[in-house]
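The values are calculated or read from the model by the stated rules, or taken from the named source; none is laboratory data. What you see is a predicted model; the values in this text were computed from it and never measured. Every residue, glycine among them, receives a Cβ derived from its backbone with ideal geometry; neighbour counts consider all protein chains shown. Areas reflect the complete protein model, heavy atoms only, side chains present, ligands, DNA and RNA absent. Shrake-Rupley method; radii C 1.70, N 1.55, O 1.52, S 1.80 Å.
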Amino acid sequence: MAINKERGIKEMTITASPAWAAINAHRQTFADTHLKELFASDPKRVESLSLSFDGILYDFSKQRLTSETLGLLTALAKAAHVSDWTERMFAGEQINRSEGRSVLHVALRRSAGPFPNSRFDVMPDVVATRQRMARFAVRLRDGECLGHQGMPIRDVVNIGIGGSDLGPKMMGQALRSISHPALGVHYVSNLDGAQIAPLLQTLDPRTTLFIIVSKTFTTQETMFNANTARDWLRANLGDELISENHFAAVSSRPERAVDFGVCADLVFPIWDWVGGRYSLWSAVGLALMIAIGPHAFDEMLRGAERMDEHFRSTPFERNLPVVMALIGIWNANFLGAATNAVLPYNESLKYLPSFLQQLEMESNGKSVSVAGETLDFATSPIVWGELGNNGQHAFFQLLHQGGCLVPCDFIAAVRSDFPLPAHQEALLSNCFAQSAALAFGRNKDEVRASMEKELIGPTVIADLLPHRVFAGNQPSSTLLLTSLNPGALGSLIALYEHKAFVQGIIWGINSFDQWGVELGKAVASRILPALYDAQLAKTLDASTQGLLSFSREHLL
Ligand code: F6P
């Protein structure tokens, strides 16, 4: 597959490449080999099919592949010119073609500049913003930011949605054990007033600061919640409300934040070269920095930067993001998996599945190539997930016996942040048990032997046997962190970011736009007035008319 440098696009889809054909041929000879056989035939399997970097162990030995598969997959990455595209991203080229933008979230975690180059150096702005954020965060953490009547701010509410919410919320939860003990940091994203209304009831308007986070500063959900917050402050503090004591903002359109009433000194910039779902590292992470402090925030950036360097400089065979991306492609395009489960075994990672859902599905849930051609192969799988231990008592039944292929990412930290070691040991053993059970299953002979051991009679055995068989061969990877420290978490999230990038390059799609979210927004803006106007409703489709008429009857 050649790159047309002038047009900046790939000339043919990857499925037409010899590398793709070679993987297909390999799959045909290999597809039905059971994980049990793969483990039995290669005692060094775990050694050759696991990698570690920066305190993260990535064990993919329970994926349905061999070193040979991996060799063929890395040839695919080479055929797709992944290294060239990586360099183009790091060089600040406008690889987000449909929006004419560079993709430089990696700049946000760099410790030094110039970057990407001395003619187009974003680092002075990045560093200056980081320093402003740190000064503000320290003042807040030290009780020096004063609200109404000089009372120190005690609660911070991040108002944003999607990339302006999920990153800091996910990381804030992951690092809650090192959060400021006396500051409450809350997140509001939903248009449903049922999120902000009960939260406001728990807050004191005199000591609450809202951070309105919106790249565009036009997002409906965020503007509704911001207006509600402002009304609440006005209603409670009356004319004495001084906005600068109660609002900060993060936006690439600072003038809109100022128009809203945020004091210009407390508007923090982001730039069009940062995608929303890649913006955790920017001022979008302000609420997180307030919670964990600038030092820990910086450690998180350093972890991500280490992963960036690893990604850029490590041969594909040992490169964590590349290998992870290739395994995803193997599962989706060659084994036919339509989904990927994210299963954290750690309460502090409870928002990780939602974060990764946006990262992967908004980046790669596309079926048109960069060049505008319709793709006839699968791209992003449906990413979903839940805390693993809770999931065991809910949907794991289907993973074990439902007959669907569901590759899983098990994610855990070896050490807990909370001093209940017995819980942690049991939790880890559950995590390891599930991936082993999914991989190896239990065949008829094993089930029969275990029932005979329990002295169960032959008739009951015959009845129950089919129900107690586990086919196994369900692929999974396990990511183990030593602990949930800021550096390891920064590294983990950068790993998934680069995974999505590599997959987008191989599939030939633009991972950095999101046109698919626009239509729903436009339709919603036509439906809202029709809620009150029956004539207008008649211009809409029959189903929407029916929904509106039922709602009108019960709402108004
Ligand atoms: O609707 C999708 C989206 O544009 C996401 O890509 C983005 O993270 C989110 O909305 C929020 O956008 P903004 O930061 O402009 O409010």
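Shown here for segment 452-510: GluC sites (Glu not before Pro) in loop regions (DSSP other than H, G, I, E, B) with at most 14 other Cβ atoms within 10 Å, namely E454.
Checking the Cα-Cα distances for K36/K444; K36/K499; K215/K499; K366/K521; K169/K521 against a 22 Å cut-off, the pairs over it are K36/K499; K215/K499; K169/K521. Placing +1 on each Lys and Arg Cβ and -1 on each Asp and Glu Cβ, with no other charges, gives segment 71-179 a dipole about its Cα centre of roughly 180 debye. Ranked by the mean number of other Cβ atoms within 10 Å per residue, highest first, peptides 224-237, 280-293, 472-485 order as 280-293, 472-485, 224-237. Note that the chain presents 43 Å² accessible area per residue, ligands and nucleic acids not counted, probe 1.4 Å. Only helices enter the 222 nm calculation for the chain: every DSSP H run of n ≥ 4 contributes -39,500 (n - 2.57), and dividing by all residues gives -14000 deg cm²/dmol, rounded to 500. Couplings for segment 371-388, taken from phi via the Karplus curve 6.51 cos²θ - 1.76 cosθ + 1.60 with θ = phi - 60°, read 7, x, 8, 6, 8, 10, 9, 6, 10, 4, x, 6, 8, 8, x, 6, 3, x Hz in order; Gly and Pro are left as x.
The calculated FRET efficiency for the pair V523 and S549, based on their C-beta separation and a Förster distance of 22 Å, comes to about 0.80. Counting only residues at least eight positions apart within a chain, or on another chain, the aspartates and glutamates with an alpha carbon under 20 Å from that of K44 are D59, E68, E317. Extending 7 Å from the Cα toward the beta-carbon at both A91 and A264 defines two label points whose distance is 3.8 nm. Counting Lys and Arg as +1 and Asp and Glu as -1 over every other residue whose Cβ lies under 12 Å from the Cβ of G336, the net charge comes to +2. Stretched out straight at 0.36 nm per residue, the stretch from T216 to H467 would grow longer than its current Cα-Cα span by 85.0 nm.
Give me the net charge of S251's neighbourhood, meaning all other residues with Cβ under 13 Å from the Cβ of S251; Lys, Arg count +1, Asp, Glu -1. Every neighbour counted, the sum reads 0.
Accessible surface of segment 86-178, 1.4 Å probe: 47 percent of it comes from carbon and sulfur atoms. Taking the 0 to 90 degree range and rounding to the nearest ten, how far is the long axis of helix 444-453 tilted relative to the main principal axis of the chain, both from C-alpha atoms? It works out to around 90 degrees. The label-point distance for A371 and N227, in a model that sets each label 7 Å from Cα toward Cβ, rounds to 4.6 nm. Atom-type composition of the exposed protein surface of segment 200-244 places 44 percent of the accessible area on carbon and sulfur (1.4 angstrom probe). For segment 293-399, the list of trypsin sites (Lys or Arg not before Pro) that fall in a loop by DSSP and count at most 10 other C-beta atoms within 10 angstrom is empty. Model label sites at E452 and T202, defined 7 Å from Cα along the beta-carbon direction, differ in position by 5.7 nm.
Ignoring aspartates and glutamates fewer than eight residues from K538 along the same chain, the ones with Cα atoms less than 19 angstrom from its Cα are E553. When the P(r) of the chain is calculated, the portion above 30 Å amounts to 56% of the C-alpha pairs. Accessible area per residue was computed with a 1.4 Å probe on protein heavy atoms; D121 scores about 60 Å². Gain on full extension, evaluated as 0.36 nm per residue between T459 and W515 minus their Cα-Cα distance, stands at 14.2 nm. Of all DSSP bridge pairs formed entirely within the chain, close to 35 percent run antiparallel. Over all other residues within a Cβ to Cβ distance under 9 Å of F30, the charged ones net out to 0, with Lys and Arg as +1 and Asp and Glu as -1. When the solvent-accessible area of segment 425-556 is split by element, carbon and sulfur atoms take up 62 percent of it, the probe being 1.4 Å.
Between F30 and D239, what is the FRET efficiency for a Förster distance of 51 Å, r being their Cβ-Cβ separation, to the nearest 0.05? Efficiency computed from Cβ-Cβ geometry: 0.10.
The trypsin sites (Lys or Arg not before Pro) of segment 57-152 meeting both criteria, a DSSP state outside H, G, I, E and B (loop) and at most 16 other C-beta atoms within 10 angstrom of the site's C-beta, are R119.
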